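See structure below.
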Amino acid sequence: MTLKLSNYYINRSWYVTAKAFTGTYGINYGRIANNIPTPNEVVRLLKAAKIKNVRIYDADHTVLEAFRGSGLDLVIGLPNEFVKDMSSNADHALTWVTDNVKAYISNTHIVGIAVGNEVLGGSDLDLQNALYGAVKNIYNATQKLQLDKVVQITTAHSQAVFANSYPPSSCVFKEDVAQNMKKLLDLFMQMGSPFCLNAYPFLAYMGSPDQIDINYALFNPTDGVDDEKTNLHYDNMLDAQIDAAYAALEDAGFGKMEVIVTETGWASDGDENEGAATRENARTYNYNLRKRLAKRKGTPRRPKSMLKAYIFALFNENSKPGPTSERNFGLYKPDGTIAYDIGFPALKSSSSVSSRLSFKV
């Protein structure tokens, strides 16, 4: 049955209310590759794996069409190259939201818009200064189109926005991003949006392999780390990275804001100087992370705030620039077979390829 959009918004608002995450586990569906499955096949794969939360980095209409009627919750992205234009031109923001959200939302569960990715802390100062205006104009557009109650506006930050993250309680925002960050966080508080963090124990370990126990980074049994200031104990690095973000938010005056992990993962292959990028380490990290999220618990600093994370990424992406590790973060190979077994099925319809590893929590 076809619903009028006005009725649809009313019916959707009671169960979405601008919350873009169901449960604890999500996936980033990156597409910088020329050999991955079609969007329709990806929808079938995600449904078979029972992964409901999905993020893409643009608003590609072939993907939006494929997700129609799927029941999957989709966060779309406004790429960095559009941020300056959206910041300076409110009409362009309204057109973008009309064409990419309003036109699809009656059948496609678009639950969020990520405005830019890792903008603050980057090298483009003009882009950093434009981010607030882009977020505000995109949000105003959702209000005009009566979408603000069903579509959550966010932006993801790398750990480059932090001046110090060890121990977690010492973390603060860098001075050169603090002004833009404060404006943005004020706006996010008004919108009810979370702080989105891209957190990679893999990168932290690669940067200091002599100082970090790899078992601590992989969620394996370890003595862990104690934060003497708070008397909190950390048995894995991801929890510590998230609590560092909470400490920075508290220092900036936003202690009630939720932190959601919008990217985390581990590379299964790398260059000669990327020795930790192995198939076994990637399997260990992602399997243990899946178990960690399934416990539906918080971090030591926020024990009552259930941890939510989008895994990076769905596929190995052969067209990504940079070191070999960048092209090998996928849970799946381009042909839809699993890169390593953490309990998800391959892109096949027969039971013969079902996962060998039972996943029990």
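Numbers for the structure displayed
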{"item": "Label-point separation in nm, N107 to N220, each point 7 Å along Cα→Cβ", "result": "4.9 nm"}
{"item": "Neighbourhood net charge (11 Å Cβ-Cβ; Lys/Arg +1, Asp/Glu -1) for K84", "result": "-4"}
{"item": "Antiparallel %, DSSP beta bridges [both residues in the chain], to 5", "result": "20 percent"}
{"item": "Helix-only [θ]222 nm of the chain, DSSP H runs n ≥ 4, -39500 (n - 2.57) each, per residue, nearest 500", "result": "-10000 deg cm²/dmol"}
{"item": "Spread of Cα-to-Cα distances over 10 Å intervals beginning at zero, given as percent, for segment 180-232", "result": "19, 29, 28, 23, 1"}
{"item": "Fluctuation leader among S70, S169, S208 - the chain, Gaussian network, Cα springs under 10 angstrom", "result": "S208"}
{"item": "Cut-off 15 Å (backbone N to label point 7 Å along Cα→Cβ of K297), residues of segment 226-257", "result": "232-240"}
{"item": "Apportionment of accessible area to carbon and sulfur, segment 162-271, percent (1.4 Å)", "result": "44 percent"}
{"item": "Descending semi-axes in whole angstrom, ellipsoid equivalent of segment 154-313, from the Cα gyration tensor", "result": "26, 17, 16"}
{"item": "Residue among K174, K320, K256 with the largest mean-square fluctuation in a Gaussian network model of the chain, springs linking Cα atoms under 10 Å", "result": "K256"}
{"item": "Alpha-carbon Rg/Rh ratio, for segment 48-122, with Rh computed the Kirkwood way", "result": "1.00"}
{"item": "Extension gain (nm, one decimal) between K183 and A33, 0.36 nm per residue minus Cα-Cα", "result": "50.4 nm"}
{"item": "Listed residue pairs exceeding 18 Å between alpha carbons, taken from K183/K304; K19/K149; K256/K304; K136/K182", "result": "K183/K304"}
{"item": "Summed residue charge, Cβ within 11 Å of K297's Cβ, Lys/Arg positive, Asp/Glu negative", "result": "+4"}
{"item": "For Q152, residues with placed amide H under 5 Å, excluding near neighbours", "result": "G112, I113"}
{"item": "Mean separation of Cα contacts under 8 Å, 6 or more apart, over the residue count of the chain: relative contact order %", "result": "18 percent"}
{"item": "Within segment 83-102: backbone nitrogen closer than 14 Å to the H61 label point (7 Å, Cα to C-beta)", "result": "96-102"}
{"item": "Of P323, P37, P167, the one that fluctuates the most in a GNM where the chain has Cα springs shorter than 10 Å", "result": "P323"}
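The values are calculated or read from the model by the stated rules, or taken from the named source; none is laboratory data. Because the structure is predicted, anything quoted here is derived from the model rather than measured. As a convention, Cβ positions derive from the backbone with ideal geometry for all residues, glycine included, and neighbour counts pool all protein chains shown. Please note that ligands, DNA and RNA were not included when accessible areas were found on the heavy atoms of the full protein model with its side chains. Shrake-Rupley method; radii C 1.70, N 1.55, O 1.52, S 1.80 Å.
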